[in-house]
Amino acid sequence: MKYDIIVIGSGPGGYISAIRASQLGKKVAIIEKYATLGGTCTNVGCIPSKALLDSSHHYYDAVNHFDTHGISVETPKIDFSKMIARKANIVETTTGGIKYLMDKNNVDVFEGLGSFIDATHVKITKNDGTDLTIEGTNIIIATGSKPATLPFISLDKERVITSTEALKLKEIPKHLIVIGGGVIGLELGSVYKRLGADVTVVEYAPKITPTMDADVSKELQKVLKKQGMKFAVSHGVSSVERNGDEILVKATDKKGNEVSFTGDYCLVAVGRKPFTEGLGLENVGVKLNERNQIAVNAHLQTNISNIYAIGDVVAGAMLAHKAEEEGVVVAEYLAGQKPHIDYNLIPGVVYTWPEVAAVGKTEDELKNANIEYKSGKFSMRALGRSRASGDIDGFVKVLADKTTDEILGVHIVGARAADLIMEAAVAMEYRASAEDLARICHGHPTYSEAIKEAAKAAWDGKPLNA
Ligand code: FAD
Ligand code: NAD
């Protein structure tokens with residue numbers, strides 16, 4: 001029961017860290033309080049949401065787009081319980097895959113709540129109340145996050161719900177009111193809009209996806225509006241009441257007027273908060289920062305030198321791939337290597353359709369940092385590939401340093417943006433210039449040609465197909 005490394009939490013941060021540490025010769029244990037491995041991402045996050053996004057996309061296409069391709073089908077019907085069951089099945093296969101990976105890498109898995117006794121001993125309390133203690137030279141906290149809410153909202157988890165419940169509803173809402181026009185609100189809002197619900201997004205900030213490039217937010221809102229989603233931006237929600245099956249959401253608009261929305265479900269998607277409850281941090285004196293995240297240095301080390309923390313429970317983007325990278329970095333650091341993460345190059349993706357993806361700086365960030373830049377934009381509708389598939393919405397925007405031409409940011413709204421963005425991330429990792437990207441031969445016809453064209457527009461202002 002003595003380990004080189006104990007990982008608490010089996011999300012993408014924790015389980016990837018355990019694998020990497022084991023690959024580097026460490027004896028590793030992982031503790032997970034739930035019966036299945038994989039954390040938020042696999043059980044109630046990335047994977048189930050993408051399963052429902054894909055299913056709803058097929059339905060939407062069948063209803064709205066098949067006809068234009070010359071395909072007629074009888075009115076498609078939704079078997080919602082089958083759709084949800086398919087999602088559950090995908091989750092089950094994926095969590096099973098993680099268990100397989102733990103076994104393959106000789107990582108000991110303990111089910112139960114992990115809590116610190118002292119800096120090297122962790123108590124594992126099982127569901128049946130029994131406990132055991134294991135010892136670790138180093139401990140990695142990867143306990144993730146939970147949905148945040150607003151102080152005046154009482155989440156009944158039936159009709160006033162978080163993303164967790166939205167992934168397993170028993171029926172399609174008639175009118176889903178979404179509080180928060182961020183990633184979760186727009187992805188899960190898209191699922192139910194495509195399946196036929198009315199969806200109203202109430203967003204506090206003046207634009208949806210407030211941290212993304214302003215052009216991207218504008219284009220995304222335009223396209224989602226075209227798909228029928230309704231938006232109330234610059235609206236601060238002030239109350240949510242349930243009367244039977246009816247939900248009344250009140251908000252204040254920017255002029256100070258009270259506005260009401262009535263629906264049958266309300267999804268609260270106003271962000272997530274770090275999860276440290278039950279960890280017994282007070283027993284070891286691990287410090288939190290002002291946002292209740294575990295405070296870490298550049299090596300992801302807490303104020304207690306043998307305890308590290310990664311993923312959603314520390315500062316930074318709450319993304320699975322960010323958690324994974326941090327997991328690898330800590331494992332390699334503990335094995336004596338000198339790993340590094342460039343936080344500027346962590347891509348962000350929104351899986352609406354069209355997808356949105358970005359890497360590097362937004363125009364506002366460059367302006368605020370007084371960096372002189374040039375911008376090249378290319379519209380998806382000018383691509384042969386987009387016209388062939390019918391996915392003509394969106395654009396690629398490349399931002400490059402005005403003097404050196406180094407690529408500083410790439411922002412995409414368009415079909416398969418989630419996969420396309422990696423070309424930009426690779427280019428930026430190698431500090432490529434816009435000219436470099438513009439001179440690379442891209443397959444034709446592909447969506448990726450929009451990146452080449454936008455890079456050329458940024459470099460010499462002369463895209464070829466526009
Ligand atoms: P988590 O995945 O939250 O895992 C933490 C684990 O620790 C949990 O299993 C928890 O049970 C366990 N735990 C906590 N405390 C203890 C304890 N004391 N003892 C034992 N175990 C404990 N990110 C993306 O990059 N792409 C996406 O498409 C995406 N989609 C998302 C969709 C939704 C609906 C949601 C909610 C999130 C989504 N995310 C997405 C975010 C992503 O899920 C998180 O960023 C990621 O899961 C964080 O990983 P983590 O390892 O830090 O923590
Ligand atoms: P978010 O931070 O993306 O969006 C929350 C939104 O709620 C913001 O736009 C904010 O302005 C708004 N808001 C806050 N208070 C409000 C109020 N009182 N009234 C109206 N609006 C209000 O958070 P999220 O969508 O809940 O997602 C949580 C995390 O999960 C994010 O950090 C995200 O990175 C991660 N996630 C990622 C993906 C992905 O990568 N595709 C998908 C889902 C979730």
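Considering each of 115, 81, 72 in turn, give the residue that is away from ligand 2 (no atom under 16 Å from the Cβ) and either part of a loop (DSSP other than H, G, I, E, B) or among the aliphatic types (A, V, I, L, M) (or both). Spell out the reasoning first.
Values: 115 fails: either part of a loop (DSSP other than H, G, I, E, B) or among the aliphatic types (A, V, I, L, M) (or both); 81 fails: either part of a loop (DSSP other than H, G, I, E, B) or among the aliphatic types (A, V, I, L, M) (or both).
Just one listed residue meets the conditions, 72.
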*Go through the stretch 238-284 and give me each residue that's away from ligand 1 (no atom under 16 Å from the Cβ) and of a type in the set (S, T, N, Q).*
238, 239, 243, 252, 257, 260, 262
_Which listed residue, of 50, 26, is surrounded by fewer than 21 Cβ atoms within 10 Å (Cβ to Cβ) and either outside any helix (DSSP H, G or I) or away from ligand 2 (no atom under 16 Å from the Cβ) (or both)_ = 26
*Across the stretch 25-57, what is the number of residues that are over 30 Å from residue 3 (Cβ atoms) and in contact with a helix residue (DSSP H, G or I) (Cβ under 9 Å, 6 or more places away or on another chain)?*
9
*Please give the number of the condition residue 208 fails out of (1) open to solvent by less than 20 Å² (accessible area, probe 1.4 Å); (2) in contact (Cβ under 8 Å) with a residue 40 or more places away in the chain; (3) of a type in the set (Val, Ile, Thr).*
(2)
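For the stretch 334-377, give me each residue that is of a type in the set (S, T, N, Q) and either outside the structural domain of residue 310 (by TED's automatic domain parsing) or outside any loop (DSSP other than H, G, I, E, B) (or both). Explain how you work it out, then say what you get.
Residues of the stretch 334-377 of a type in the set (S, T, N, Q): 337, 344, 352, 362, 368, 370, 375.
Correct list: 344, 352, 362, 368, 370, 375.
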_For residue 17, only one of the following conditions fails: (1) part of a strand (DSSP E or B); (2) open to solvent by less than 50 Å² (accessible area, probe 1.4 Å). What is its number?_
(1)
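Looking at 257, 243, 306, 289, which one is out of contact with any strand residue (DSSP E or B) (no Cβ under 9 Å at 6 or more places or on another chain), open to solvent by less than 50 Å² (accessible area, probe 1.4 Å) and either of a type outside the set (Gly, Ala, Ser) or more than 15 Å from ligand 2 (Cβ to nearest atom) (or both)? Working first, answer last.
On the way: 257 fails: open to solvent by less than 50 Å² (accessible area, probe 1.4 Å); 243 fails: open to solvent by less than 50 Å² (accessible area, probe 1.4 Å); 306 fails: out of contact with any strand residue (DSSP E or B) (no Cβ under 9 Å at 6 or more places or on another chain).
Answer to the selection: 289.
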*What are the residues in the stretch 84-112 that are part of a strand (DSSP E or B) and of a type in the set (A, V, I, L, M, F, W, C), if any?*
109, 110
*For residues that are in contact (Cβ under 8 Å) with a residue 24 or more places away in the chain, in a strand (DSSP E or B) and of a type in the set (Gly, Ala, Ser), tally how many sit in the stretch 233-287.*
5
*Got a sec? Which of 55, 72 is over 30 Å from residue 124 (Cβ atoms) and within 16 Å of ligand 1 (Cβ to nearest atom)?*
55
*Which residue pairs have Cβ atoms closer than 8 Å, lie 6 or more positions apart in sequence or on different chains, and pair a first residue in the stretch 27-49 that is free of Cβ contacts under 8 Å to residues at least 12 places away in the same chain and not assigned by TED's automatic domain parsing to the domain that holds residue 323 with a second residue that is crowded, with 21+ Cβ neighbours inside 10 Å and of a type outside the set (Lys, Arg)?*
none
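Per-residue answers, yes or no, for (1) part of a helix (DSSP H, G or I); (2) closer than 12 Å to residue 395 by Cα; (3) within 19 Å of the chain's Cα centre (by Cα):
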residue	(1), (2), (3)
411	no, yes, yes
418	yes, no, yes
424	yes, no, yes
428	yes, no, no
431	no, no, no
444	no, no, no
447	no, yes, no
453	yes, yes, no
464	no, no, no
*Number of positions in the stretch 1-14 that are open to solvent by 50 Å² or more (accessible area, probe 1.4 Å) and either near ligand 1 (Cβ under 7 Å from one of its atoms) or touching a helix residue (DSSP H, G or I) at 6+ places or on another chain (Cβ under 9 Å) (or both)*: 1
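Quick grid of which residues meet (1) in contact (Cβ under 8 Å) with a residue 24 or more places away in the chain; (2) open to solvent by 20 Å² or more (accessible area, probe 1.4 Å); (3) closer than 29 Å to residue 60 by Cα; (4) more than 16 Å from ligand 1 (Cβ to nearest atom):
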| site | (1), (2), (3), (4) |
| --- | --- |
| 328 | yes, yes, no, no |
| 345 | yes, yes, no, no |
| 352 | yes, no, yes, no |
| 363 | yes, yes, no, yes |
| 373 | yes, yes, no, yes |
| 380 | yes, no, yes, yes |
| 385 | yes, yes, yes, yes |
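The values are calculated or read from the model by the stated rules, or taken from the named source; none is laboratory data. These figures come from a predicted structure and were not determined experimentally. As a convention, Cβ positions derive from the backbone with ideal geometry for all residues, glycine included, and neighbour counts pool all protein chains shown. Heavy atoms of the whole protein, side chains included, go into the accessibility calculation; ligands, DNA and RNA do not. Shrake-Rupley method; radii C 1.70, N 1.55, O 1.52, S 1.80 Å.
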